[in-house]
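S.K.: Take this structure first; my questions come after.
The values are calculated or read from the model by the stated rules, or taken from the named source; none is laboratory data. Just so we're clear, the structure is a prediction, and the values are computed from it rather than from any experiment. Note that each Cβ is placed from the backbone with ideal geometry, even for glycine, and that neighbours are counted across all protein chains shown. Areas reflect the complete protein model, heavy atoms only, side chains present, ligands, DNA and RNA absent. Shrake-Rupley method; radii C 1.70, N 1.55, O 1.52, S 1.80 Å.
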Amino acid sequence: MFTFENFLFLLQGVPNTLAISFLSFALGFALGIPTALVKQFSPFGLGHVADAYISVMRGIPVLVIMLLFHFGMAGIIPVFKSAFLSATFALGLRSGAFQSQIFRGAINSVGRQQMMAATSLGMNRWQAFRHVILPQAFIVALPGLGSEIALLIKDSSYAFVLGVLELTKYSDIVRKATRSFLYPYLIAAILYIMITFPVANYLDRLGSRLKTKYGLR
Amino acid sequence: MGEVILACEGLKKRYGDLWVLKGIDFEIERGQTKVIIGPSGSGKSTFLRLMGLLEPPTEGKIYFEGKDVYGSGLDLNMLRAKIGFVFQEPSLFRHLTALGNVKLGPKVVLKMKDEEAERKAMDALKTVKLEEWAHHYPAQLSGGQQQRVGIARALAMDPDIILFDEPTASLDIELTWEVIDVMKDLARRGVTMLVVTHELGFAKEVADEILFMDDGRIIESGPPEELLKNPKTPRAREFLRRLIGGV
Ligand SMILES: Nc1ncnc2c1ncn2[C@@H]1O[C@H](COP(=O)(O)OP(=O)(O)OP(=O)(O)O)[C@@H](O)[C@H]1O
Ligand SMILES: [Mg+2]
């Protein structure tokens with residue numbers, strides 16, 4: 001029998017799901033912007049490094065990265081002894097590659113004319129990026145970032161395999177304890193939607209609102 | 001004679017196989033207003049972008065206040081800060097208000113303190129009669145207002161010269177006037193201006209010289225009364241006949 005107590009117990013997985021998702025998003029953001037800029041400018045020929053990073057992250061299942069970190073590399077890199085951190089870093093690294101693509105597209109959408117106007121004022125490339133291109137690109141990127149957060153929230157469920165006590169793991173525990181096969185996963189599914197929908201939807205709408213306000217395309 | 005601010009010698013520009021500028025000699029002195037006219041595709045915008053140091057020439061030299069711009073290791077950004085540019089295309093920073101647009105250059109490039117940059121920007125907005133619109137975003141302004149903010153943005157840098165590339169080409173007639181009025185006002189105040197425009201009224205009233213550009217060359221130049229009334233080259237005569245006749 002699946003009871004209300006089971007439901008409350010299951011809820012205890014939510015904080016870890018949120019923590020993995022948002023920490024990996026932050027890590028991805030911190031990696032994504034520099035990667036986008038490196039791809040754009042290719043300083044010291046580093047553009048290829050950015051390309052390689054993106055291709056590698058696009059080509060490996062995130063679960064495999066997690067397993068590789070936690071079981072394969074914990075001996076070399078002590079933080080990977082923690083299942084939680086292995087999952088977070090794996091998702092964050094992949095997210096950095098994805099977010100760099102989102103930012104690249106957004107930066108290109110801002111257009112040459114804005115760069116030219118900034119240059120005509122005497123700004124160097126970095127100043128132009130910092131004050132003119134990136135703020136606009138960020139607004140254009142909002143819907144894409146919303147989808148990326150939703151993806152991270154969902155894919156944080158892979159951490160279950162490493163034994164992290166997040167939402168999917170809790171629903172599995174409840175399934176085993178209650179022998180109820182439907183409800184634990186169904187409730188988990190509903191909880192995932194309840195988390196992803198508002199976040200993604202909010203960023204979508206914020207993006208559209210700001211785009212209209214600033215006349216961005 | 002006044003001090004020559006901006007000049008070029010044997011200026012050429014090639015895009016791929018296409019020579020867009022085929023050898024231009026030009027100079028403009030402090031306080032002068034010069035107007036460039038010429039058919040579409042003749043290279044006017046390209047010439048202006050080169051003189052604004054937004055693109056390097058393929059051949060030839062550009063001089064700013066007598067110094068060879070690309071030949072003597074000068075800091076291009078420092079020179080660009082002294083050359084204002086008003087574009088034909090909408091070029092305001094869309095995420096900033098009119099005031100934000102105008103004060104960004106003084107803050108970021110001239111390193112002014114916020115209050116100082118703001119004062120400077122408000123002065124420039126007053127010059128283009130837009131102080132009441134300071135807190136509006138570009139998307140909330142008319143095309144003519146946007147172009148005036150663009151002019152204010154250039155002015156706030158205290159440039160030695162401002163280049164205008166058909167600033168009214170994409171505007172309705174009424175909006176054109178408000179922009180042209182501001183530009184006439186600047187010319188009379190002694191701002192040095194190089195203007196691509198087909199507003200001949202503006203040229204007649206304030207230009208010291210009109211340059212007629214065709215196929216990558218300046219093929220004729222002279223004071224407005226002369227060039228507009230008695231163009232010497234058949235190309236200029238034909239072009240003006242069509243322009244005035246509206247054909
Ligand atoms: N960045 C570029 N790359 C390739 N070709 C270019 C570039 N910029 C201009 N051209 C070409 O150079 C020629 C001159 O263009 P330009 O814009 O300077 O002419 P214009 O006199 O300003 O014309 P308009 O009156 O239509 O503005 C055109 O044939 C144009 O296609
Ligand atoms: Mg042009």
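S.K.: When you check A:VAL62 against the structure, is it at pLDDT below 95 and open to solvent by less than 60 Å² (accessible area, probe 1.4 Å), yes or no?
M.R.: Here the answer is no, as A:VAL62 does not meet what is asked.
S.K.: I'm told B:MET122 meets every condition in (1) within 16 Å of ligand 2 (Cβ to nearest atom); (2) free of Cβ contacts under 8 Å to residues at least 24 places away in the same chain except one. Can you identify the failing condition by its number?
M.R.: Status for B:MET122: all satisfied but (1).
S.K.: Among the residues of the range B:6-33, how many are of a type in the set (Lys, Arg) and surrounded by 22 or more Cβ atoms within 10 Å (Cβ to Cβ)?
M.R.: Residues that pass the stated criteria total 1.
S.K.: Counting just the residues of the range B:70-102 that are among the aliphatic types (A, V, I, L, M) and farther than 18 Å from B:GLU131 by Cα, which one comes out nearest to ligand 1 (Cβ to nearest atom)?
M.R.: B:VAL86
S.K.: Do the conditions hold for B:LEU163, that is, is it within 12 Å of chain A (Cβ to nearest Cβ) and open to solvent by 60 Å² or more (accessible area, probe 1.4 Å)?
M.R.: For B:LEU163, the condition - within 12 Å of chain A (Cβ to nearest Cβ) and open to solvent by 60 Å² or more (accessible area, probe 1.4 Å) - is not met.
S.K.: Suppose we keep only residues that are open to solvent by 50 Å² or more (accessible area, probe 1.4 Å) and in contact with a helix residue (DSSP H, G or I) (Cβ under 7 Å, 6 or more places away or on another chain) within the range B:72-91. Which one would you say is nearest to the other protein chains (Cβ to nearest Cβ)?
M.R.: In this case the residue turns out to be B:GLU89.
S.K.: Additional query: Could you say whether any residue in the range B:119-129 is within 12 Å of chain A (Cβ to nearest Cβ) and surrounded by fewer than 23 Cβ atoms within 10 Å (Cβ to Cβ)?
M.R.: No, every residue in the range B:119-129 fails to be within 12 Å of chain A (Cβ to nearest Cβ) and surrounded by fewer than 23 Cβ atoms within 10 Å (Cβ to Cβ).
S.K.: Under 7 Å by Cβ, and 6 or more places apart or on different chains, what pairs join a residue from the range B:204-230 that is under 16 Å from B:LYS22 (Cβ atoms) and open to solvent by 20 Å² or more (accessible area, probe 1.4 Å) with one that is among the β-branched types (Val, Ile, Thr) and more than 16 Å from ligand 1 (Cβ to nearest atom)?
M.R.: Listed by first residue and then by second, the contacts come to B:ILE219/B:THR233.
S.K.: If you check B:GLY41, B:GLY31, which single one turns out to be of a type outside the set (Val, Ile, Thr) and more than 9 Å from ligand 1 (Cβ to nearest atom)?
M.R.: Answer to the selection: B:GLY31.
S.K.: Here is a follow-up. Can you tell me which residue within the range B:46-71, out of those that are within 13 Å of chain A (Cβ to nearest Cβ) and surrounded by fewer than 17 Cβ atoms within 10 Å (Cβ to Cβ), is farthest from ligand 2 (Cβ to nearest atom)?
M.R.: Filtering first and then ranking leaves B:PRO56.
S.K.: Test B:MET157 against the stated conditions and say whether it is within 14 Å of chain A (Cβ to nearest Cβ), under 23 Å from B:LYS82 (Cβ atoms) and open to solvent by less than 30 Å² (accessible area, probe 1.4 Å).
M.R.: So B:MET157 fits the description; yes.
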